[in-house]
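**Q** Got a structure for you, written out below as structure tokens; questions coming shortly.
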Amino acid sequence: NLASGKNYTMDTGLIRVSRDVFGERYVHVITNAYGTVIEQNVKSNMRASGNVTLPLIRPDLVVTNFTLVSVNKPLISDSQVLLNWTVENNGTGRILLKSWHDTVYLSSSPTIENNSTKLTKVFFDRQSLSPGKRYNHVSFVKLPLNITGNNYLVLKVNEDGSLVEKDAQTNNVARARVQILPAPLPDLAVVDTSFVFEEDRRF
């Protein structure tokens, strides 16, 4: 029961704001929000704070290493190679138990094209990566039989964009140039022929 001329003070404590909300914002307070109190004038029931600047807090995955671990020179098509890559969170926010995947392609150019061949897809399920932390992955991939010559192994981190990053366009891709020679194929050759005559007799 609030008498005329009296007031009350509320302290909400800490309020969690989604990190998807950033930039210049205002905090609005509305009293008697549900209209349960009959008032003479409701125009004064809303008041806004001053300008509040919320920082952009997001992870930023950066490929710091992408190498061929086992390099059998020359590389042969239809053979396996061992790849290793390291990714670091250079952003200001941690990964909030999200899932994402990294993909490795074989491409004729340093970028991923429509005709690039997908070699492997690695899933990372509901992991948390704080700023400054990194993860390392080692994976066997098999080179295609029908692709030879100068090509590129292209790594795409967070390929489907399931993680909202601060900068995902420029530092989520790494590449390694490789030269692939055709695999030795079998060569069937006729080396001898023979003929045996057998007489069929009818009795």
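**Q** Give the residues of segment 1-57 that are among the polar types (S, T, N, Q) and over 30 Å from G93 (Cα atoms), sorted by residue number. Spell out the reasoning first.
**A** Step one: list which residues in segment 1-57 are among the polar types (S, T, N, Q), which gives 1, 4, 7, 9, 12, 18, 31-32, 36, 40-41, 44-45, 49, 51, 53.
Of everything in segment 1-57, those that are among the polar types (S, T, N, Q) and over 30 Å from G93 (Cα atoms) turn out to be N1, S4, N7, T9, T31, N32, T36, Q40, N41, S44, N45.
**Q** OK, next. Looking at L129, L188, L163, L145, can you tell me which residue is free of Cβ contacts under 8 Å to residues at least 12 places away in the same chain and farther than 21 Å from T67 by Cα? Explain how you work it out, then say what you get.
**A** Values: L129 fails: free of Cβ contacts under 8 Å to residues at least 12 places away in the same chain; L163 fails: free of Cβ contacts under 8 Å to residues at least 12 places away in the same chain; L145 fails: free of Cβ contacts under 8 Å to residues at least 12 places away in the same chain.
Result of the check over L129, L188, L163, L145: L188.
**Q** Which numbered condition trips up N114, out of (1) surrounded by fewer than 13 Cβ atoms within 10 Å (Cβ to Cβ); (2) free of Cβ contacts under 8 Å to residues at least 40 places away in the same chain; (3) in a strand (DSSP E or B)?
**A** Tallying (1) surrounded by fewer than 13 Cβ atoms within 10 Å (Cβ to Cβ); (2) free of Cβ contacts under 8 Å to residues at least 40 places away in the same chain; (3) in a strand (DSSP E or B), N114 fails exactly one: (3).
**Q** Would you list the strands (runs of 3 or more DSSP E) that sit entirely within segment 1-95 and hold 1 or more residues that are in contact (Cβ under 8 Å) with a residue 40 or more places away in the chain and surrounded by 13 or more Cβ atoms within 10 Å (Cβ to Cβ)?
**A** Of the strands (runs of 3 or more DSSP E) lying wholly inside segment 1-95, those with at least 1 residues that are in contact (Cβ under 8 Å) with a residue 40 or more places away in the chain and surrounded by 13 or more Cβ atoms within 10 Å (Cβ to Cβ) span 61-70, 80-89.
**Q** Sort out which residues of segment 136-188 are in a loop (DSSP other than H, G, I, E, B), open to solvent by less than 40 Å² (accessible area, probe 1.4 Å), more than 21 Å from F123 (Cα to Cα) and of a type in the set (V, I, T), and write them in order of number.
**A** Residue satisfying the conditions is I147 alone.
**Q** One residue is enough: does segment 118-125 have a residue meeting the conditions open to solvent by less than 50 Å² (accessible area, probe 1.4 Å), part of a loop (DSSP other than H, G, I, E, B) and free of Cβ contacts under 8 Å to residues at least 60 places away in the same chain? Even if it seems obvious, please write down each step before you answer.
**A** Pass one, segment 118-125, residues open to solvent by less than 50 Å² (accessible area, probe 1.4 Å): 119-120, 122, 124.
Retained after the next criterion (residues that are part of a loop (DSSP other than H, G, I, E, B)): none.
No: segment 118-125 contains no residue that is open to solvent by less than 50 Å² (accessible area, probe 1.4 Å), part of a loop (DSSP other than H, G, I, E, B) and free of Cβ contacts under 8 Å to residues at least 60 places away in the same chain.
The values are calculated or read from the model by the stated rules, or taken from the named source; none is laboratory data. This one's a predicted model, so the numbers in the text were calculated from it and none came from an experiment. Ideal geometry is used to build each Cβ from the backbone, glycine not excepted, and the neighbour counts take in all protein chains shown. Ligands, DNA and RNA are excluded from the accessible area calculation, which covers all protein heavy atoms including side chains. Shrake-Rupley method; radii C 1.70, N 1.55, O 1.52, S 1.80 Å.
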